Amino acid sequence: MVLKLETSAIKEWNGYKGRPFLVTGPCSAETEEQVMETAVQLAKTEQVSIFRAGVWKPRTRPNSFEGVGVSGLKWLRKVKQETGLMVGTEVANEKHVYEALKYGMDMVWIGARTSVNPFTVQEIADALKGVEIMVFIKNPINPDVELWMGAIERIARAGITKIAAVHRGFSSYEKTTYRNQPNWQIPIELRRRIPDLPLICDPSHISGHREYIHEISQKALDLNFDGLMIESHINPSKALSDAAQQITPDELKELLLRLILRSPSTTDPKLLDVLGELRQQIDIYDDYLLDLLEQRMKVSETIGKYKKDNNITILQSARWDEIVNRAMTKGKSKGLSGELIDNVFKAVHQESINRQMKIMNEGLTEHNGTDKQNSK
Ligand code: PEP
Ligand code: MN
């Protein structure tokens, strides 16, 4: 299903200075000096559209710095007056919305811990009814595209037209290189479902560490994201929140210079020719893949029948280990990543099991635990 919302294209927003639409500023507003110094430095970088700073901070544990509250909004208003940058902050309830509007925020964002909660998002949407403001909606912390879409719809139904989705990664139990899993397939799926919605990447919260901000930003641009939200602090090592992931305004400037902006399409006939030919090759290989999958599944089904006739269980862990190890060794020698091999083989194996299950259960009654269809 493709969702059509009454949203306006990012190119028509006031303050749009081209791709990437850049939102930057510290994780938190800490003092007037820190906010003003960071903003004055950032304003020297032409591409910056919006200065961001959190004044109410959703911290995982109590006794962490929870933000300076309304006084931070006064500093943001001063940033707007003195640098001409637009300003934005995070809102997590109706009271925050009223305060943010009172102090003239151009943008508010809904954080990842808020977009998970439809009651709170609705409360924020109701408080924003009829207001001309940019609203950025971060993905919920759990990888649920429906929940993200739901939050976007609630805001759109309040009459807000300048909406952007912000991809900031997803929580997971496993310790990985990045602080939050990017799960790129989720923002890609969001774009497929709401094609006109501006999409912004927040590499700071995905990475959790400044070292990875460039590579994540580049990837987002290569996936045709419209903008970036990057945390920048005048003195990152002294930051009261998210110290490891913030960069100085100078580092931001340097990072922007290193980003390569590729264009989403081309009209150059020569390039189109080459691309057309390569895409034909891809289609041919994809057809091979489909034929191979069909053949492989037929063999799996034959094995399923054989297991049923001989009363053998479907899942045989030793055989599965053997398949995966063989594929890993062979695949890696062909330059394929472990991640690809793992994903493809897990999917193929699951499909084989599903088919063999169906065969096993054919003709059994509902009473024996099979579904209704099979028992008919
Ligand atoms: C933030 O932008 O500082 C923030 C708290 O973000 P998130 O909601 O993505 O954790
Ligand atoms: Mn932060």
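Where residues in the range 287-342 are touching a helix residue (DSSP H, G or I) at 6+ places or on another chain (Cβ under 7 Å) and not in a helix (DSSP H, G or I), which of them is surrounded by the fewest Cβ atoms within 10 Å (Cβ to Cβ)? Within the range 287-342, the match that is surrounded by the fewest Cβ atoms within 10 Å (Cβ to Cβ) is 315. None of 54, 25 is within 16 Å of ligand 2 (Cβ to nearest atom), at positive phi and within 21 Å of the chain's Cα centre (by Cα) except 25.
Scanning the range 243-278 for residues that are within 23 Å of the chain's Cα centre (by Cα) and closer than 19 Å to residue 38 by Cβ yields 243, 244, 245, 246, 247, 252, 255, 256. All told, residue 152 falls short of being among the hydrophobic types (A, V, I, L, M, F, W, C), surrounded by 17 or more Cβ atoms within 10 Å (Cβ to Cβ), touching a His at 6+ places or on another chain (Cβ under 8 Å) and assigned to a helix (DSSP H, G or I). Within the range 47-67, being more than 11 Å from ligand 1 (Cβ to nearest atom) and under 12 Å from residue 27 (Cβ atoms) holds for 64, 65. When each of 108, 116, 121, 131 is tested for being of a type in the set (A, V, I, L, M, F, W, C), in contact with a helix residue (DSSP H, G or I) (Cβ under 9 Å, 6 or more places away or on another chain) and either within 16 Å of ligand 2 (Cβ to nearest atom) or touching a residue at least 60 places away in the same chain (Cβ under 8 Å) (or both), the lone residue that passes is 108. Here 78, 138, 129 are screened, and the one residue that is of a type in the set (Lys, Arg) and more than 20 Å from residue 6 (Cα to Cα) is 78. The number of residues in the range 106-134 being within 19 Å of residue 227 (Cβ to Cβ) and within 14 Å of ligand 1 (Cβ to nearest atom) comes to 7. Please verify whether residue 221 is at pLDDT 95 or above, surrounded by fewer than 18 Cβ atoms within 10 Å (Cβ to Cβ) and more than 16 Å from ligand 1 (Cβ to nearest atom), treating the condition exactly as stated. Here the answer is no, as residue 221 does not meet what is asked. Summed over the range 4-40, the residues that are touching a helix residue (DSSP H, G or I) at 6+ places or on another chain (Cβ under 9 Å), farther than 21 Å from residue 78 by Cβ and among the hydroxyl-bearing types (Ser, Thr, Tyr) give a count of 2. In the range 228-254, the residues that are under 16 Å from residue 64 (Cβ atoms) form Cβ pairs under 8 Å with partners that are among the aromatic types (Phe, Trp, Tyr), at six or more places apart or across chains, as follows: 240/65; 241/65. Applying the condition of being of a type in the set (A, V, I, L, M, F, W, C) and part of a loop (DSSP other than H, G, I, E, B) to the range 61-108 and asking which residue is farthest from the chain's Cα centre (by Cα) yields 68. Residues in the range 156-179: is at least one polar (S, T, N, Q), part of a loop (DSSP other than H, G, I, E, B), surrounded by 17 or more Cβ atoms within 10 Å (Cβ to Cβ) and within 13 Å of ligand 1 (Cβ to nearest atom)? Within the range 156-179 (the criterion being polar (S, T, N, Q), part of a loop (DSSP other than H, G, I, E, B), surrounded by 17 or more Cβ atoms within 10 Å (Cβ to Cβ) and within 13 Å of ligand 1 (Cβ to nearest atom)), the answer is no, since none of the residues qualifies.
The values are calculated or read from the model by the stated rules, or taken from the named source; none is laboratory data. Keep in mind that this is a model prediction, so the values were computed, not measured. Cβ coordinates were reconstructed from backbone atoms using ideal geometry, including for glycine residues, and neighbour counts include every protein chain displayed.
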